[in-house]
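Comments concern the structure below.
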Amino acid sequence: MAPITSSVGADVALAIGAPDDGGGIAVGGKVADIPPRMLAAYRHAARQVGKHVPKCQGMRWPILAGIARVESNHAVGRNVAGNGDIRPRIYGVLLNGSGAGGNTTVFPDTDGGRWDGTAAGERAVGPFQFLPSTWDGVGKDANGDKTADPHNADDAALGAAVYLCGNGRDLTNESQLRAAIFQYNRSNTYVANVRGWIDQYTAAAKSLAMDNVTGDVRTVVEAALAQRGVPYSWGGGTTKGPSTGICCSPSGKSGARIKGFDCSGLTTYAYAQAGIRLPRTAAAQAGVGRRIPASAGARALKPGDLVFYAYAPGRDSTIYHVGIYVGSGQMVNAPRPGTVVRLDAVDAMSGYAGGARLL
């Protein structure tokens, strides 16, 4: 069985969630309706699906976002943890043929209530509204916790990508893209609705003004941007992604544990996606690549450059912070305990100490 939207679609999700308050992800100067952590899940899934469906072509995050917008309104109103777990869980109506929520067919229980919370029958689950029986065939562990959980944003997004890819669709082909969406929900109205959202998100993505950013630079910048919304974690972040560090006093050493990135952990991760291994600390990273002096000003920076901040600008041994420049005076930044990875102006931090160009 395919996932079905009659269980909980956009109208239901909007009723139980909160309207967008401007906290969505900033894309190209516009505010999309996608919470940052959900966008990170979509982008991660689009990059990873080739490992599971090698022949699939053209998977991209707006396709997944279009599906999730219609299925659950991007889990708006729920809490999405740093590891991707969504609470409270999203459940559709019980598919018992009662007619409630538009269901007219009885779906017998297949999971003993493991995923859908009831053994009385089936109901769709998670932000991509999978039936447990469908999830059993396409579910993947995307966040490395050894469990494929449809209530986890990362796992659910990757499962949806695998499902849409089928045996190896070319999603750049319009007819194959529509066939994939139709397979997800066999309704022409549904296909048109999702297709419209895909177009909107594609336009938003292109408006980031990265048309001239290519190759390894684009890989680094997109990897960093995809982490927006991930919590700051002092000592957190590796070449593989977020990791557990310490939270959340001003010095970052209160003792509480949190999974995420600190500033140099974020840069370490983003550059690793282009095959470049950086030293772990911000001060050490200033010794890599071609140094751009602070005296040259922020206008000398180009997308992909590291941006440094020092207690005593001019003395690299006092560098305390690093970000990744993305253009238009902005950088991807993991600023401080209690915040998340986000876009900031280059002058948002004190002690500008220039940059370094590795690409």
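We did not get these values from a lab; they are worked out from the coordinates using the rules stated. Nothing here was measured: the structure is a model prediction, and the numbers come from that model. So basically every Cβ, Gly included, is an ideal-geometry build from the backbone, and we count neighbours across all protein chains shown.
Structure data summary
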| read-out | value |
| --- | --- |
| For LEU171, LEU39, LEU358, order by how many other beta-carbon atoms lie within 10 Å, fewest first | LEU358, LEU171, LEU39 |
| Exposure proxy order (Cβ contacts within 10 Å, fewest to most) of TYR190, TYR311, TYR201 | TYR311, TYR190, TYR201 |
| The chain: proportion of alpha-carbon pairs further apart than 31 angstrom, % | 36 |
| Spatial separation of Cα centroids for segment 282-313 and segment 111-129, in angstrom | 51 |
| Viscosity 0.692 mPa s, temperature 37 °C, Stokes-Einstein D of segment 82-215 from Kirkwood C-alpha radius, µm²/s | 198 |
| Note, ³J(HN,Hα) from phi for segment 265-275, Karplus 6.51, -1.76, 1.60, rounded to Hz, x at Gly and Pro | x, 5, 5, 4, 5, 4, 6, 5, 5, 9, x |
| Nitroxide proxy distance, nm - points 7 Å out along Cα→Cβ at ARG277 and THR339 | 3.0 |
| Reachable aspartates and glutamates from LYS146, criterion Cα separation under 16 angstrom, eight or more residues apart if same chain | ASP85, ASP136, ASP154, ASP155 |
| Contour excess over end-to-end distance, with Cα ends at THR318 and ASP141 and 0.36 nm allotted per residue | 59.6 nm |
| Volume per residue that the Cα convex hull of segment 239-359 spans, once the total is divided by residue count, Å³ | 93 |
| Gain on full stretching of the segment that runs from GLN200 to ALA81 - 0.36 nm per residue minus C-alpha separation | 40.2 nm |
| Residue list for segment 115-139, given a label point 7 angstrom along the Cα-to-Cβ vector of VAL106 and an amide N cut-off under 17 Å | 119-123 |
| Efficiency of FRET between THR172 and THR239 - r from beta-carbon atoms, R0 35 angstrom, step 0.05 | 0.70 |
| Range of Cα positions in segment 151-241 per principal axis (Å), largest first | 48, 35, 23 |
| Distant-in-sequence amide H partners of ASP170 (H built 1.01 Å from N, under 5 Å) | GLN57 |
| For the chain, cysteines whose Cβ has no other cysteine Cβ within reach (under 4.7 Å) | CYS263 |
